[in-house]
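All remarks here apply to the structure that follows.
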Amino acid sequence: MTEQGYRVPEVTKIVGISYRQLDYWARTGLVKPSIKDARGSGTQRLYSFQDLATLKLIKRMLDSGVSLQRIREAMGTLKALKEPPLGTTLVSDGSRIYSVESPEAVVDLVRGGQAVFAIAVDRLWTDLQGTIAKADRKKARAASAGGA
């Protein structure tokens, strides 16, 4: 049984990014589609759920003011981990990104006077599952209405 793949139009809609962003990130190696990469004109990329979660995480960091250069550095570190970073909270002051294992670590960052934002990876994962389920139900309704 093969994993369900998500085509580029679905990915851009689910993640909330443009085709140009997705294409650039794939070509520069930030997030390559793990199911099927494009192989010349006319072929389509297929992204896995894990790819979508990574893209959503990148989008959230960009929206929070983290530079793409810093995100690339952080993603390099996260990719080196054997397990997905579920249970991890990523915190940033806009210039550095930290992986936080305890609430005390966040307090230390804030105590330094920096404004920070946090992204709970588990929450992002759950939100993404809900978004995909909603899109699947919408497609199923449209298909059944068209065939009726």
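By accessible area of protein heavy atoms, probe 1.4 Å, what ranking do LYS59, LYS138 get, highest first?
Greatest to least solvent exposure: LYS138, LYS59.
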Interchain or long-range residues, amide H under 5 Å from ILE17's placed H: none
Gain in span if fully extended, THR28 to ASP127, counting 0.36 nm per residue against the direct Cα distance: 33.0 nm
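The values are calculated or read from the model by the stated rules, or taken from the named source; none is laboratory data. Treat the numbers as computed from the prediction; the structure is a model and nothing was measured. With ligands, DNA and RNA removed, areas are computed over all heavy atoms of the protein, side chains included. Shrake-Rupley method; radii C 1.70, N 1.55, O 1.52, S 1.80 Å.
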